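A.B. asks: Have a look at this one.
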Amino acid sequence: ATERTLSIIKPDATRRDLTGKINAMIEGAGLKIIAQRRIRLTREQAEGFYDVHRERPFFGSLCDFMTSGPVVVQVLEGDDAVVRYREVMGKTNPAEADEGTIRKAFAESIEANSVHGSDSPENAANEIAYFFATVDIVG
Ligand code: CMP
């Protein structure tokens, strides 16, 4: 079924000017970029976005990293977009990511792993609403 998912191109990737190359991989996988904005996350936005990870040991460092430079927030649409994008991203830990995935190609570490993608359609709806108004999503 046609789905939407939230993608974030992270500061390690914007710092190296990889937005275009990552977008080419996204589009090459059959996912349409139907909304996109380059922003600087505030501490509050980063902590709120990753609230489910608040008790994890990496939470503080993750929020430092996510506010260390610009990010590109995007809405992707396509057939089974949530799972499809997770396949395109590869495993969270780039050391475990398959060839041909964004994280294998570009990620620097398990934290600076270049991209985020929603892990379920339910979370996708919440994450999309966190950054985008309906009027700014043009499918
Ligand atoms: P993301 O898919 O955005 O979800 C949580 C993020 O936390 C993850 O990608 C990484 O950027 C970061 N992170 C740092 N350390 C870990 C870890 N040990 N396990 C999972 N995520 C981690």
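A.B. asks: Accessible area per residue, 1.4 Å probe, Å², for the chain: what's the number?
C.D. replies: 51
A.B. asks: What does the charge count near Gln74 come to, summing +1 for each Lys or Arg and -1 for each Asp or Glu among other residues with Cβ under 15 Å from its Cβ?
C.D. replies: It works out to a net charge of +3.
A.B. asks: Taking only the C-alpha atoms, wrap a convex hull around the chain and report its volume per residue in Å³ as a whole number.
C.D. replies: Residue-normalised Cα hull volume stands at 100 Å³.
A.B. asks: Further question: Taking only Cα atoms and a 10 Å spring cutoff, compute GNM fluctuations for the chain and point out the largest among Thr19, Thr42, Thr92.
C.D. replies: Thr42
A.B. asks: Here is a follow-up. Enumerate by residue number the chymotrypsin sites (Phe, Trp or Tyr not before Pro) in the range 1-86 meeting two conditions: DSSP loop (anything except H, G, I, E, B), and at most 12 other Cβ atoms within 10 Å of the site's Cβ.
C.D. replies: Values: sites: Phe49, Tyr50, Phe58, Phe59, Phe65, Tyr85; in loops: Tyr50, Phe58.
For chymotrypsin sites (Phe, Trp or Tyr not before Pro) across the range 1-86 that sit outside H, G, I, E and B with at most 12 neighbouring Cβ atoms in 10 Å, the list reads Phe58.
A.B. asks: Not counting the cut sites, what is the longest span of the chain without trypsin sites (Lys or Arg not before Pro) that DSSP labels loop and that have at most 15 other Cβ atoms within 10 Å?
C.D. replies: Longest site-free region, per DSSP loop and neighbour criteria: 55-139.
A.B. asks: Roughly to the nearest percent, how much of the accessible area of the chain is carbon and sulfur, given a 1.4 Å probe?
C.D. replies: Taking all protein chains in place, the chain shows 48 percent carbon and sulfur surface.
A.B. asks: In a shell of Cβ-Cβ distance under 11 Å around Glu108, excluding Glu108 itself, what net charge do Lys and Arg (+1) and Asp and Glu (-1) give?
C.D. replies: Once positives and negatives cancel, what remains is +2.
The values are calculated or read from the model by the stated rules, or taken from the named source; none is laboratory data. No experiment lies behind these values; they were computed from the predicted model shown. Note that each Cβ is placed from the backbone with ideal geometry, even for glycine, and that neighbours are counted across all protein chains shown. Calculation scope for accessible area: heavy atoms of the full protein, side chains included, ligands and nucleic acids excluded. Shrake-Rupley method; radii C 1.70, N 1.55, O 1.52, S 1.80 Å.
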